[in-house]
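The values are calculated or read from the model by the stated rules, or taken from the named source; none is laboratory data. None of these values were measured; they are calculated from a predicted model. All Cβ positions, even for glycine, are placed from backbone atoms using ideal geometry, and neighbour counts span all protein chains on display.
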Amino acid sequence: MKTNVFASLMVMSLLSLASCDYVDDFTGGPAEEPKAEQPLVIAHRGAQSVFPEHTLEAYAKGVELGADYIEPDLVLTKDGVLVARHEPMLSGTTNVAELPEFADRKTTKNVDGKEVTDWFASDFTLEEIKQLRAVQVWPNRPHDYDGKFQIPTFSEIIALAKSKTTASGNKVGIYPEIKHPYFHNQLGFAMEDALLQELDKAGWNHYDAPVFVQCFEVAPLQYINTKSTVKLVQLISTYDVNADGSLVFDVPAGDFISYAAPYDFYVDGDSRTYEYFSTEEGMLFTASYADGIGPWKPFIISFTKDANGNVDKVLPPSDFIDLAHKYGLKVHPYTFRNEDEKWSGGNPEAEYHLFFDAGVDGVFTDYTDDAVRALESWKK
């Protein structure tokens, strides 16, 4: 559904002048309904319910448990190598704070509008990163493997994926997220180009490759769309959910602006929040450069809260999926966790079924095996 750069600019120019009625006329009606396919199971940061996230061991376990895709979050080292960490900050997912030789690397940087004091991957060479070991983030998940596994490079993750097949005999897909590209590029990197170089080396820099590239910012995806046909997914978020189930897009001062709006929009003075992307105009805009959209789950199925802030009632699905599919966009919501009982009342299988019934094209899950079982029971 992606258009070329000229067409993208034309669409955006017309949108700035047109009413919603004119947008409908311009598009010539809805896109063809995509062929129905089984929803994808995406191992979010690998099988992180078993092993520490973003390790080769976690990714391999995700494949073993039945994932179609494995999802590495990517940050850059001081020497420009893409490695897998959830954030540029290292203390939450590694043992860096325990290593005296790196005590002087702790520093403060601005990340998406918030001052953060931590150890940053961009201050470490790859050789130094390889001295760190991953730790389990969740206190209630197994910690038997804390301090045992290295931080993998993107190249190593691709090699792992290529060495395995899915339970159905297909290629194992990768679903990399480039994390905070504005932050990295302000430090002098070219994060998008680093990603494309790795995909080139792998022979996976094209539409038919088992690859989705995702990002919360917009300009990096638009740039990649000018350089590659690889599949792209626009991630969107919201700060919170109101008592009536509506979504919150106001971020308190001093917090991460990217919770509610693309950070590159913010620095460019663009007032659009992620709410825009859930509208028909926003879906058309997204389809000009991306193949899918990855929302936080409440964009699709929200919930009300009682006076104590607890979940009171799960609401019917919104029109989010219908709008996305109208413009040819796949919908892959995040993140399904057994610990998150908002939608399921303690029954994770019921939650997956809610979203499969709503028409999602895939799910990001921390519990790959449960997602696979839920998909099988839903199909029956």
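Listed values, structure above:
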read-out	value
Any pair with Cβ under 9 angstrom, 6 or more apart, that starts in the range 196-211 at a residue that is without any contact (Cβ under 8 Å) to a residue 12 or more places away in the chain and ends at one that is surrounded by fewer than 17 Cβ atoms within 10 Å (Cβ to Cβ)	D208/T229
Yes/no for G254 being closer than 25 Å to V111 by Cβ, in contact with a Leu (Cβ under 7 Å, 6 or more places away or on another chain) and not basic (K, R)	no
One residue from L160, L195, L232 being part of a helix (DSSP H, G or I) and crowded, with 22+ Cβ neighbours inside 10 Å	L195
Any hit, the range 3-10, residues being touching a Ser or Thr at 6+ places or on another chain (Cβ under 8 Å), assigned to a loop (DSSP other than H, G, I, E, B), surrounded by fewer than 18 Cβ atoms within 10 Å (Cβ to Cβ) and at pLDDT 50 or above	yes
Exclusive hit being in contact (Cβ under 8 Å) with a residue 60 or more places away in the chain and either under 30 Å from K78 (Cβ atoms) or part of a helix (DSSP H, G or I) (or both), set N225, N185	N225
Criterion: at pLDDT below 95 and among the aliphatic types (A, V, I, L, M) - qualifying residue of A43, A31, A60	A31
Criterion violated by F265 - all others in (1) touching a residue at least 40 places away in the same chain (Cβ under 8 Å); (2) among the hydrophobic types (A, V, I, L, M, F, W, C); (3) surrounded by 22 or more Cβ atoms within 10 Å (Cβ to Cβ); (4) within 27 Å of I178 (Cβ to Cβ) satisfied	(3)
Residue in the range 319-331 that is free of Cβ contacts under 8 Å to residues at least 24 places away in the same chain, among the charged types (D, E, K, R), closer than 29 Å to S49 by Cβ and not in a helix (DSSP H, G or I) present	no
Search result, residues across the range 201-222 that are surrounded by fewer than 21 Cβ atoms within 10 Å (Cβ to Cβ) and either over 17 Å from the mean Cα position of the chain (by Cα) or assigned to a strand (DSSP E or B) (or both)	K201, A202, G203, W204, N205, H206, Y207, D208, A209
Output for the range 338-380, where each listed residue is modelled with pLDDT of 95 or more, buried (at least 17 other Cβ atoms within 10 Å of the Cβ) and part of a loop (DSSP other than H, G, I, E, B)	V360, D361, D366, Y367
Qualifying positions in the range 287-346 - basic (K, R) and within 19 Å of the chain's Cα centre (by Cα)	K297, K330, R337
Flag if D322 is under 24 Å from F212 (Cα atoms), charged (D, E, K, R) and surrounded by fewer than 22 Cβ atoms within 10 Å (Cβ to Cβ)	yes
Residue selected from the range 61-82 under the condition of a type in the set (V, I, T) and in contact with a Ser or Thr (Cβ under 8 Å, 6 or more places away or on another chain), by the criterion surrounded by the most Cβ atoms within 10 Å (Cβ to Cβ)	V75
Whichever residue in the range 105-138 is β-branched (V, I, T) and more than 24 Å from D264 (Cα to Cα) and, among such residues, is surrounded by the most Cβ atoms within 10 Å (Cβ to Cβ)	I129
Number of the condition not met by A253 [criteria: (1) over 24 Å from D357 (Cα atoms); (2) part of a helix (DSSP H, G or I); (3) out of contact with any Asp or Glu (no Cβ under 6 Å at 6 or more places or on another chain)]	(2)
